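Please treat every number below as a calculation from the coordinates, not as lab data. Nothing here was measured: the structure is a model prediction, and the numbers come from that model. So basically every Cβ, Gly included, is an ideal-geometry build from the backbone, and we count neighbours across all protein chains shown.
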């Protein structure tokens, strides 16, 4: 898959179906963070949620690096995490 195609698919997912399924990304990351805070016993930011989700995808790719979906998801999580970190929406 070409890089632009991968990025376009990631953009379509985070702006389309996934946004419809899960709601606003930052709001969803805040909900995830609140859940993780209970488990971990300390504050978790939306940006950290994005970083951890990227970590999950990296761990999966270490086993199977040709799995395109994980590469696409990493691009999407990076975009959403950057948006959360910059405070823009």
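The table that follows gives values for the structure above.
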| quantity | calculated |
| --- | --- |
| Nearest-ten-degree value, helix 68-86 long axis tilted from longest Cα axis of the chain | 40 degrees |
| Fewest-first ranking of 3, 31, 18, using other Cβ atoms within 10 Å as the exposure measure | 3, 31, 18 |
| Rg ratio (alpha-carbon, reference 2.2 N^0.38 Å) - the stretch 10-89 | 1.10 |
| Percent RCO, i.e. relative contact order, over the chain, from Cα pairs under 8 Å lying at least 6 residues apart | 34 percent |
| Fewest-first sequence of 49, 56, 44 by Cβ atoms within 10 Å of each Cβ | 56, 44, 49 |
| Angle between the chain longest axis and helix 25-40 axis [Cα atoms, degrees, rounded to 10] | 60 degrees |
| For the chain, calculated [θ]222 nm from helices alone, where every DSSP H run of n ≥ 4 adds -39500 (n - 2.57) | -26500 deg cm²/dmol |
